[in-house]
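Colleague: Let me begin by handing over the structure; questions about it come next.
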Amino acid sequence: MVVGRGQGERAVGPKPTMRDVLKTNDVVLLNFAEAVLADAGVEAVIFDGHMSVMDGSLGILPRRLMVADEDFARARRVLSDSLPDQVPES
């Protein structure tokens, strides 16, 4: 259920929780992983994308690719198949 319209829109009910499926400083790898997940039908969101402002644009703070808890296992499998050296084992 959604309450409100436009920018004030908000969902009513329990908030979904998310987990990071990939952490990296490599923006090309991050965008590729996001595209792989999208092709598999898994919605992903990049967190900390603008944190480089905090580190002086050095790129030392990793960005996180986040998925909903219920998609985590599937996202890990998809990324492990596509990027076997990049996804750490749990």
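The values are calculated or read from the model by the stated rules, or taken from the named source; none is laboratory data. Here the structure is a predicted model, which is why all the values come from computation and not from measurement. Here Cβ is always computed from backbone atoms with ideal geometry, including for glycine, and neighbour counts include all displayed protein chains. For accessibility, only protein heavy atoms count, side chains too; no ligands or nucleic acids. Shrake-Rupley method; radii C 1.70, N 1.55, O 1.52, S 1.80 Å.
Colleague: Take the residues in region 48-65 that are small (Gly, Ala, Ser) and over 12 Å from the mean Cα position of the chain (by Cα), then tell me which one is modelled with the highest pLDDT. Before you say what the answer is, go through the steps one by one.
Modeller: Within region 48-65, the subset small (Gly, Ala, Ser) is 49, 52, 56-57, 59.
When the remaining residues are screened for being over 12 Å from the mean Cα position of the chain (by Cα), the result is 52, 56-57, 59.
Values: SER52: 62, GLY56: 61, SER57: 60, GLY59: 65.
Filtering first and then ranking leaves GLY59.
Colleague: Only one of VAL45, VAL21, VAL3 is touching a strand residue (DSSP E or B) at 6+ places or on another chain (Cβ under 6 Å) and modelled with pLDDT under 85. Can you tell me which?
Modeller: Numbers: VAL45 fails: modelled with pLDDT under 85; VAL21 fails: modelled with pLDDT under 85.
VAL3 is the lone residue from the list that is touching a strand residue (DSSP E or B) at 6+ places or on another chain (Cβ under 6 Å) and modelled with pLDDT under 85.
Colleague: Could you list, ordered by first residue, the pairs with Cβ atoms under 9 Å in which the first is in region 34-49 and touching a residue at least 40 places away in the same chain (Cβ under 8 Å) and the second is surrounded by 17 or more Cβ atoms within 10 Å (Cβ to Cβ) and assigned to a helix (DSSP H, G or I), at least 6 apart or interchain?
Modeller: Short answer, once both residue conditions are applied: VAL36/VAL78; VAL36/LEU79; LEU37/ASP71; LEU37/ALA75; LEU37/VAL78; LEU37/LEU79.
Colleague: Quick one: which of LEU37, LEU30 is of a type in the set (A, V, I, L, M), open to solvent by less than 50 Å² (accessible area, probe 1.4 Å), under 11 Å from the mean Cα position of the chain (by Cα) and at pLDDT below 95?
Modeller: Working: LEU37 fails: at pLDDT below 95.
Unique residue meeting the criteria: LEU30.
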